[in-house]
Structures are given as structure tokens and as C-alpha cells.
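S.K.: This is the structure I want to talk about, given as C-alpha cells.
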Amino acid sequence: MNLFLTFRVALRALARNKMRSILTMLGIIIGVGAVIAMVGIGQGASASIQSQIANLGNNMLIVMAGSANTQGMRGGAGSNNTLTADDVDAIQRECPSVQAATPTVRANGQLVFGNQNWAPSSGISGVNEKFPLVKAWPVAAGEFFTEADVRTANRVAVLGKTIVDNLFAGGDPIGQMIRVRNLPFKVVAVLSVKGQNQYGQDQDDTVLIPYTTAQKKLLTITWVNAANVSAISAKATFSAQKEITDLLRQRHKLASNQEDDFFVRNLSDVAEAADQSSKIMTNLLASIAGVSLLVGGIGIMNIMLVSVTERTREIGIRMAIGARSKVIRRQFLIESVTLSLVGGVIGVLFGIAAAITISKMLQWNTLISPLSVIIAVVFSVLVGVGFGYYPAHKAAALDPIDALRYE
Amino acid sequence: MLETAISSEIQPADLDEGTHALEARPFLARQHVADLDSDPLITLTHIHKIYKMGDVEIHALHGISLQIRRGEFVAIMGASGSGKSTTMNIIGCLDRPTRGHYFLEDQDVSKLSKDELADIRNRKIGFVFQGFNLLARTSALENVELPMLYLGVKTDERLKRAKEALDLVGLGDRADNMPNQLSGGQQQRVAVARALVNQPTIILADEPTGNLDSRTSVEVMDVFQFLNREHNITIALVTHEHDIAQYAKRVVIFKDGRIKRDEPVANPRSAREELERMPPVIVDDEEDEE
């Protein structure tokens, strides 16, 4: 008797007990559905954390000047004047893991346009033309200032959205002149909206100018406060960190017994931790759902055992008219696998529907990955084989005479 | 000896799915009338059966020797515990003798494996049980198809032969009925159709009238007599009713695990004639469908 016919026999047997078959499948449906929905929610959460991470910049590292130490008084991170724009250029040039780097020169001061004035809470930042790439922060309107602007210390400014709202009250700022610490600057671009950072600070309340302009025209300094560096990939942030440290130690001529006069912070550390915790959450949800799938499997075993006992006479008849033990075993195995497979497929649909409903109702992101669907279906088949084997074996081991006599 | 020729050519090695010849041939081609010189289909020689129940050994059969020839209609009688059921189980290849040999068409089946016995049952033996033993919630046609499923008969052929078998027992119009929509007699006739659909060497009927009223019993015995008379099908019938045994051509009486008597029936009863003498019953189809 071939597999196809055994399959048909098994399907007919299941069809004879529709209600019971459906109830048995329900365990698997709920199990698989829970796995799909839970993993969907977990992966959705993970994806939204990933996008927040991306918001921080492209695999970003921050290099800060170290603490100034004048006669024992230490000024804190960034106060030292040993980090220069040349260092940043060297980082860009010589570190293979680095994609782009921009110096940051911080300044404060009042902005004036017409009869409006405003002091940006995130300050005035002097940066170079790579800033949009490093921070993954494109402009919304206009053109970011160019390398030529930086080289010539041009008085140009790029405004955050909050500044535009406060100085221009909805008017078009591009091409307008504003005054920064009483110097006229031409507005060339407006940054796209970034919103709050994780500490609640308004990132859009900022003005960007070329760092050379900030150094020469606002502050008259030669050093930079910090550099934002973007590595070529998330993994490369670690090698970039090492390359930058080695390079700067060499450039600053630090002996091996001297401490670094700078800090290199890897933002990916934070990002990775957040990502890790969301993955742990996903696994946790999946394993809880997996337990319910296991319970579904036990349900199948239970029903199959009941079914074998209840159908002892049927098994006896089948054996008497010539079914080999193997055929009986196959029949019951196929029955349980069919229950679990059909249950699994319905469960996938159910899980996807549940995930969509949850994301609609609770405004959570959910993400159904094809892999989780495949794993859930494969797993449900394995559950069917695993939990169906013992009942099937029990059926196949029956003695036809006893089975026929069974009341 | 068309049937003999075909059946005896099939060796166990050929019993695997679909490898043997199952070409369309006249269903239950009319066979030669039995003559006592023909080769025995079934030969039991010194069969012993001992059951072990813990430490206790129960000697169910004490060296039975029995021959059944093609075309015979044998009734096996005896009180319960006489060994008749054990003998039937051994003949039906459901059980193996502890000692002794059982030749089914010249093949010694007493030492075959479980799977080989399953194949022999499928091909050579048709069972009819006291409790009908049809699959519930499965149509008469599908019940009859079942033995052919395990033989690997192709769908078209299977359907055709199942219908023919049902026609033969007079239930061609009931093919789609479920067992619970059929009367006891009809269910037993479906069981007979199932038993003969693989063209077995022998039909074994275990108390086939035990659950039937007397008129239906006669009807079922008529089917058996018809198959035996018109199609030369060999039938062994276990019964404890003396009346029923009288429809057979030969009666073997068991007692205490031995054959006590083995003799031909002088004047077998004819179910057909008895049915003709009975007052006609108004057949009401609706009544059957409960």
C-alpha cells in the first residue's frame, strides 16, 4: 500500500471525527499562532530599536578631547585642547574601519533674525561637510555647506527645525541672513526633523556652521572639542575604536606609560545592549509560545492514544483483512502529522492575523519573518511525528485477534 | 482450474504492492465443481496450540489434523472452549500453531512472519465476523474497497470490483449507505462482499448469523450457499447452532481441543427453498434507514 493511499485512509479517518480533529488541532493552532505572534512582536520591537539606533548615526563613535590638567586642576572631558582638526583628518585618512569623520567645535550664543532672537539649547556646532553622512541626518531643504565653505571658513549656517520655527515663524529661511553672536551668517539649509534624543533633549534646537568658521570667527581657537566618527559597519566600530586610539596616541606622541589624552566612545555598545535585550525578549516570548506548542503536541498524543484505544476494533479489522503493522503505524503517524501540519498552517495564519491586530490596536510594531513561519511549520510537523509515534507504535503492536475481540 | 492456477502461482515474494498480475478478468469466474480428488486447499497436520497464561499452560488444541478441499462448505461446531475458534484463527492466519504444520495451497504458512501472514490474509482469506465488523461512518462501498487498498489495486479497478461484489450480494443499490443505515442482514452481506472482493482462496465465517434473527440468518446463509454453489467458493463456517450447520455440506465437531466427528451432511438444507416458502416480507427501504 503506497504512501498516497495511506494518506487518503488517514484523511478519511480524520474526516470521520471532524469535531475531535478540529479540537486536537486547536492546541497546535494556538501554539503555532502564539509563536508567530510573539516572535512577530519581538522582532517588531527589535526593528524599532534598530531604527532608533540608526537614528544615533551611522555606526557612530565619538572622540572627545581628554581632561585639561593645569596645575592639578582637571577641567573634565573635552576641556583639553590637544584634539585638532588635523587629528580628525588623519582619522579619516588613515583608519581603514572609518567611513567618515567630522570635527565638532561647540559654541554658544544668541541668534537674531529681524526682531526675533533665540539661543539654541543644543548650542552652535562647528562641523564639516560630512556631518549628514556621519550622523545619518539629511537636510530637509536647501544644500548642506560644502568642503569649500569649510576650507574658506565661510559664514554659512544650517538650522534645525526648532530654530526655524522660532526665528522665522513658518517663513522660508533659505537664503536669509541671520546674526550669530552679531556676525551675519547666510542660511543654506534646514535639517530634517530628528526629535528628542534618549535624554529628552531637543536635537532639532541646533545650528550647524563650518568648524573653521567657529574656530576662527566665533571662538578664535585652534583645537576641536570632539569628533564624530562613523565606522564602515556596526562590527567595524570595535576595530575603528582601536585604530583611532592607536593613531591618536601616536599623533599625540604619548609614551606607553602615559594615559590617553582623549576618549573614544563607541555608541554601538549602547545600541548593541539595547538590541541584545530586545533579542532576549524575543527569545523569551518565543520559548513561552514554544511551551504552548509543546502542550499542543501533548494534546495530539493524548487524542491519538484515545483514538487508538477507541479504534482498537477498527485496527483489528484492518489487520484481519491484510494491513501490515507498518501500514497501521504509518496510518496513525500520518493522522497525527496531518493534525499537526494542518494545525500549524492554520496557526501561522492565525498568528499573522493576531500580530496584525496587535499592531493595529496597540500601535506596536510587529514583523513576521518568513524564517519564523518556516520554523513554526517544521516544528509542528516534528511535534506530530514525535508525539504521534508512540500511539502509532501502540496501534501497530496490537494483536489482530485481541483487537477484533475488543469491545 | 483457472483460479487455482492463478492463485497458486503467487508466491510470498510477489505479494508486495502491485507487482502481481491483477489484470481485469471475469469477476469470480465460474470454477470447477468440487470433486473430492482435487488437491486440498487447507491441510492441518497435528496442530497443537498452547497458550501460556503466566505459569499456567492451556492446551487449546491437541494435534488437530484436517483437510478442506476446493469448493467445500464446511461447518465447524463445538461448545465454547472446544478449540474451534483457535482452529479458525490458525486457518485464518491470525494466529500460528505452537506445533504442527498448516499448508495453505501447498504453502506451509505455520512459520511465516507477522507481515507475511498479513499478506496471506489479504490475498487468500476472506473474513466474515459475528459482529459484522464494518468500519463505522464509512460507506458500504468504501468498506468493500478496503482489502483492495491494502493489496494496492488501482482506483478504477477497485471501484469496479467493489461494485461487482456488492451486486453479487444483492446490495448494488446500497453502495453509498453507511453501516448504521443498513439492517443487520445487509451489513453482514456487505461484510461478505468485503470478504470475497480480493477473490480469496477461502471465506472464513465466524458465527455470521449470531447477531441476526432467523429470517435474516437464512438470507445470509443463502448468500453463502449461492457463492459456494454458483462460484465454487470454499467456505468454512464456525457456528454453535446445529440448524445453521445443516446448510453446509460437511460438519466438523470439536470437543476439548480435538476433532470429535467429521462427516458430510446427508441432506443439506437449502436456504433458497426455505426463503421461497416463507411469507414474503414487504421491503420498506425507509424502515432500514434509522
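S.K.: How big is the dipole moment of the protein assembly as shown about its Cα centre under a simple scheme where the beta carbon of each Lys and Arg is +1, that of each Asp and Glu is -1, and everything else is neutral? Debye, nearest 20, please.
M.R.: 2400 debye
S.K.: Rounded to the nearest 20 debye, what is the charge dipole size of the range A:154-253 about its Cα centre when +1 sits on each Lys and Arg Cβ and -1 on each Asp and Glu Cβ?
M.R.: Dipole of the range A:154-253, to the nearest 20 debye: 540 debye.
S.K.: Exposure proxy check: A:MET177, A:MET19, A:MET281 ranked by fewest other beta carbons within 10 Å?
M.R.: Ascending number of Cβ neighbours within 10 Å: A:MET19, A:MET177, A:MET281.
S.K.: Can you give the Kirkwood hydrodynamic radius of the range A:213-362 from its Cα pairs, in Å with one decimal?
M.R.: 22.9 Å
S.K.: With all pairs of different alpha carbon atoms counted, what Kirkwood hydrodynamic radius in Å does the protein assembly as shown show?
M.R.: Value: 33.0 Å, from the Cα pair sum.
S.K.: Take the eigenvalues of the Cα gyration tensor for the range A:174-261, scale each by 5, and report the square roots as semi-axes in whole Å, largest first.
M.R.: Equivalent ellipsoid of the range A:174-261: 33, 21, 12 Å, largest first.
S.K.: Turning to a different aspect of this structure: If you line up the Cα atoms of the range A:120-221 on their principal axes, what length do they span on each, largest first, in Å?
M.R.: 32, 28, 23
S.K.: Once Rh is set to the Kirkwood radius over Cα pairs, what Stokes-Einstein translational diffusion coefficient, in µm²/s, holds for the range B:165-208 at a temperature of 37 °C and a viscosity of 0.692 mPa s?
M.R.: 303 µm²/s
S.K.: Follow-up question, since we're still on this one. Between the alpha-carbon centers of the range A:363-407 and the range B:64-132, tell me the distance in whole angstrom.
M.R.: 37 Å
S.K.: Oh, and also: Give me the net charge of B:SER214's neighbourhood, meaning all other residues with Cβ under 15 Å from the Cβ of B:SER214; Lys, Arg count +1, Asp, Glu -1.
M.R.: So the surrounding residues net to -4.
S.K.: Would you kindly compute the Cα radius of gyration of chain A and its largest Cα-Cα separation (Dmax), both in Å?
M.R.: 33.7, 106
S.K.: Within 10 Å of each Cβ in A:322-331, how many Cβ atoms from other chains are there, averaged over the peptide?
M.R.: 5
S.K.: Hey, if you put +1 on the Cβ of every Lys and Arg and -1 on every Asp and Glu Cβ in the protein assembly as shown, which of B:SER80, B:HIS62, A:GLY384 ends up farthest toward the positive end of that dipole?
M.R.: Of B:SER80, B:HIS62, A:GLY384, it is A:GLY384.
S.K.: If amide hydrogens are placed 1.01 Å from N in the peptide plane, which non-local residues have theirs closer than 5 Å to the one on B:ALA60?
M.R.: Amide H to amide H, under 5 Å and 5 or more residues apart or across chains, B:ALA60 pairs with B:LYS49, B:ILE50, B:TYR51.
S.K.: Relative to the present Cα-Cα distance, how much length would full extension add between A:GLU94 and A:ILE62 at 0.36 nm per residue of separation?
M.R.: Extra length available between A:GLU94 and A:ILE62 comes to 9.8 nm.
S.K.: Ok, one more. Tell me, A:SER278, B:SER270 in order of fewest to most beta-carbon neighbours within 10 Å?
M.R.: Final ranking by Cβ density, sparse to dense: B:SER270, A:SER278.
S.K.: Another question, if that's okay. Let me know the charge dipole size of the range A:292-371 about its Cα centre in debye, to the nearest 20, where only the beta-carbon of Lys, Arg (+1) and Asp, Glu (-1) is charged.
M.R.: Computed charge dipole of the range A:292-371: roughly 340 debye.
S.K.: For the range B:59-176, divide the Cα radius of gyration by the Kirkwood radius and give the resulting Rg/Rh value with two decimals.
M.R.: 1.01
S.K.: Take the Cα gyration tensor of the range A:337-407, multiply each eigenvalue by 5, square-root it, and list the three semi-axes largest first, rounded to whole angstrom.
M.R.: They are 40, 12, 7 Å, listed largest first.
S.K.: At what distance in angstrom do the alpha carbon centres of the range B:253-267 and the range A:164-221 lie from each other?
M.R.: 117 Å
S.K.: Sticking with this structure for a sec: What fraction, in whole percent, of alpha-carbon pairs in the range B:111-233 exceed 26 Å separation?
M.R.: Counting every Cα pair in the range B:111-233, those more than 26 Å apart make up 15 percent.
S.K.: I've got another one for you. Residue-wise, which Karplus ³J(HN,Hα) couplings in Hz belong to the range A:291-300, taking 6.51 cos²θ - 1.76 cosθ + 1.60, θ = phi - 60°, and x for glycine or proline?
M.R.: With the stated coefficients, the range A:291-300 comes to 4, 5, 5, 4, 4, x, x, 5, x, 4 Hz.
S.K.: Convert 4 °C to kelvin, take the viscosity as 1.567 mPa s, use the Kirkwood radius over C-alpha pairs of the range A:130-183 as Rh, and evaluate the Stokes-Einstein diffusion coefficient in µm²/s, rounded to a whole number.
M.R.: Using the Kirkwood radius from Cα pairs, D works out to 103 µm²/s.
S.K.: Express as a percent, rounded to the nearest 5, the fraction of DSSP beta bridges in the protein assembly as shown (both residues included) that run antiparallel.
M.R.: 70 percent
S.K.: Can you give me the distance in nm between label points at A:SER369 and A:ASN182, each placed 7 Å from the Cα along the Cα-to-Cβ direction?
M.R.: Label at A:SER369, label at A:ASN182, 5.9 nm between them.
S.K.: Right, something else. Summarise the partner chain shielding of B:149-156 as one whole number: the mean count of Cβ atoms from other chains within 10 Å of each residue's Cβ.
M.R.: The shielding value for this peptide is 4.
S.K.: Quick one: A:ARG181, A:ARG329, fewest Cβ neighbours within 10 Å first, how do they rank?
M.R.: Lowest count first: A:ARG181, A:ARG329.
S.K.: Set Lys and Arg Cβ to +1 and Asp and Glu Cβ to -1, take the dipole of the protein assembly as shown about its Cα centre, and tell me which of A:SER359, B:ALA175, A:ASN2 lies farthest positive.
M.R.: A:SER359
S.K.: Run the quick spin-label model on B:GLU241 and A:ILE356: label points 7 Å from Cα toward the beta carbon, then report their separation in nm to one decimal.
M.R.: 6.4 nm
S.K.: Would you report the distance distribution of C-alpha pairs in the range B:108-157 as whole percents per 5 angstrom bin, up to the bin with the largest distance?
M.R.: Reading upward from the zero bin: 4, 16, 22, 23, 18, 11, 4, 1.
S.K.: Using alpha carbons only, how many degrees (0 to 90, rounded to 10) separate the axis of helix A:236-251 from the longest principal axis of chain A?
M.R.: Result, in degrees: 30.
S.K.: For the protein assembly as shown, what does the helix formula give at 222 nm: sum of -39500 (n - 2.57) over DSSP H segments with n ≥ 4, over the residue count, nearest 500 deg cm²/dmol?
M.R.: Mean residue ellipticity at 222 nm (helix-derived): -15000 deg cm²/dmol.
S.K.: Could you tell me which of the pairs B:LYS52/B:LYS249; B:LYS114/B:LYS255; A:LYS161/A:LYS186 are separated by over 25 angstrom between their Cα atoms in the structure shown?
M.R.: With Cα atoms farther than 25 Å apart: B:LYS52/B:LYS249; B:LYS114/B:LYS255.
Coordinate-derived values only; no laboratory data. Since this is a predicted model, take the numbers as computed values, not measurements. Positions of Cβ are generated from backbone atoms using ideal geometry, with glycine treated the same way; all protein chains shown enter the neighbour counts.
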